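Just below is one structure, and these are the notes that go with it.
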Amino acid sequence: MPPNPLLRVRRVYAEPAALESPRGRQVLGRFPDAAVVEVPSHWQIPELHGNDELVDRWVRVTTETLVLGVRKGLVTRPNGRSADFIAPGLSNGCAMACAYCYVPRRKGFANPITVFTNIEQITAHLRRHVARQGVKPEPDQCDPSAWVYDIGENSDCSVDALVSDNVADLVATFRGLPTAKASFATKYVNRQLLDLDPAGRTRIRFSVMPDDDARVLDVRTSRVAERIAAVDDFVAAGYEVHLNLSPVVLRDGWETAWAELLRQLDDGLGPAAKAQAAAEVIMLTHNEALHEVNLGWHPTAERMLWRPELQEAKRSQNGQDNVRYRGAVKRAALDTLRGLLAVHAPWLRVRYAF
Ligand code: SF4
């Protein structure tokens, strides 16, 4: 496999047990030139997470660093928005660097990928959890018949699949679970995933936003046009493909830009993709601590994201002090977006808007 510019790994911090595991050895085999540094815990790497001098090397750290750890707590949480359940992640962190990403909020001053190597325990946990649910008794907005498990809450699984076979193992697990479905959002087109034979049991949610916004905010992701162009291929390969209209960032001219994006989708997707498509609409949520970190490496993005005149503080479900568009601003924007959808992409059903 030729080296991918997203990951030129020079250093791997690893818990000893993760290092010795088959999955850990697989990761090291993919990055044989990386120096290995043993650490007692994947959460306790002060030179990474507690080092504020790393902020201006934010992107370089995500490119050159990996962490290997053993995931301790295996808990599946109820959700009800993107998915019925949030599965215990097979990783956290990301080699991309979207300016609004909430993943680094818990990771201090650096956000490299941490790969969890105990994948067999994660897949066994999920099989047990799915079995306990039985058959879904009635449709909900997540899915008419399958229990949907988000497998990528704190990472981008398309990039994780470059690092190890964890994603392939999860796709294979759900292929054998007729009452459930895996789901993950992504901003990266990894065509290796086309070979995994998901048999309809994995839903990929390609996140899209107007390209002018993405060029500032979606740092290192696949271009929006490439994501749109990939949809038909992923549907043909056996994935269910939904779209995340996310995040919606309010700025001068946003309505025109989103109308153009919806026309791009209408032109770019074939009949099979449109027939199965659905969308989540997610208005931007930001966070004061992340704002401070971002000012250190991407102040241009912060001028788009940090709009106190339109935003208000709100405590999130997980206890974070977030910043969201004010209620009336958000409602008006969602109404506008629904109107644009009705005109430019009437085939695109909105699963939920948030
Ligand atoms: S692709 Fe997702 S996980 Fe990665 S930086 Fe962007 S928002 Fe975060």
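All of the numbers you see were taken from the coordinates with simple rules; none came from a lab. Keep in mind the model is a prediction, meaning the values are calculated, not measured. Note that we place each Cβ from the backbone using ideal geometry, even for glycine, and neighbour counts take in every protein chain shown.
Using +1 on the beta carbon of Lys and Arg, -1 on that of Asp and Glu, and nothing else charged, what's the dipole of the chain about the Cα centre, debye to 20? Don't skip to the end; give the middle numbers.
On the way: 44 positive and 43 negative charges, 137 e Å.
Dipole about the Cα centre, nearest 20: 660 debye.
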Output wanted: per-residue J couplings in Hz (rounded whole) for segment 167-173, from phi through Karplus 6.51 cos²θ - 1.76 cosθ + 1.60, θ = phi - 60°, x for Gly and Pro. 5, 4, 5, 6, 4, 5, 4
Label-zone membership for segment 292-335, site R215, 7 angstrom Cα→C-beta point, backbone N under 16 Å: 300-301, 304
Return the lysines within reach of K136: Cα separation strictly under 26 angstrom, same-chain partners fewer than 8 residues apart disregarded; answer none if there are no such residues. K181, K274
Once you have a ≥ b ≥ c as the square roots of the Cα gyration tensor eigenvalues for the chain, tell me rounded if a/c is under 1.5, and otherwise prolate or oblate according to whether a/b is larger than b/c. oblate
Applying a 4.7 angstrom Cβ cut-off across the chain, unpaired cysteine residues come out as C94, C142, C157
Computed, not fitted: 222 nm per-residue ellipticity of the chain from DSSP H runs ≥ 4 (each -39500 (n - 2.57)), nearest 500, equal to -11000 deg cm²/dmol
To make sure I understand the rule: partners must be lysines, Cα under 24 Å from the Cα of K314, and not fewer than 8 residues away in the same chain. Which ones qualify? K107, K330
So if we plug the beta-carbon distance of E309 and E38 into 1/(1 + (r/R0)^6) with R0 = 56 Å, what FRET efficiency do we get, rounded to 0.05? 0.70
Quick one: compute the contact order of segment 1-147, relative version, from alpha carbon pairs under 8 angstrom and 6+ residues apart, as a percent. 27 percent
Ranking M304, L265, G238 by how far each Cα lies towards the positive end of the charge dipole of segment 190-314 (+1 on Lys and Arg Cβ, -1 on Asp and Glu Cβ), the top one is G238
Given H placed on each backbone N at 1.01 Å, which residues far from R205 in sequence or on other chains put an amide H within less than 5 Å of it? F184, A185, T186, H242
With +1 on each Lys and Arg Cβ and -1 on each Asp and Glu Cβ, how big is the dipole of segment 160-247 about its Cα centre, in debye rounded to the nearest 20? 180 debye
Normalised by the number of residues in the chain, what is the relative contact order in percent for Cα pairs under 8 Å and 6+ residues apart? 14 percent
Write down the percent of antiparallel bridges among all DSSP beta bridges whose residues are both part of the chain, to the nearest 5. 25 percent
Report the FRET efficiency, 1/(1 + (r/R0)^6), for A342 and R223, where r is their Cβ-Cβ distance and R0 is 30 Å, rounded to 0.05. 0.65
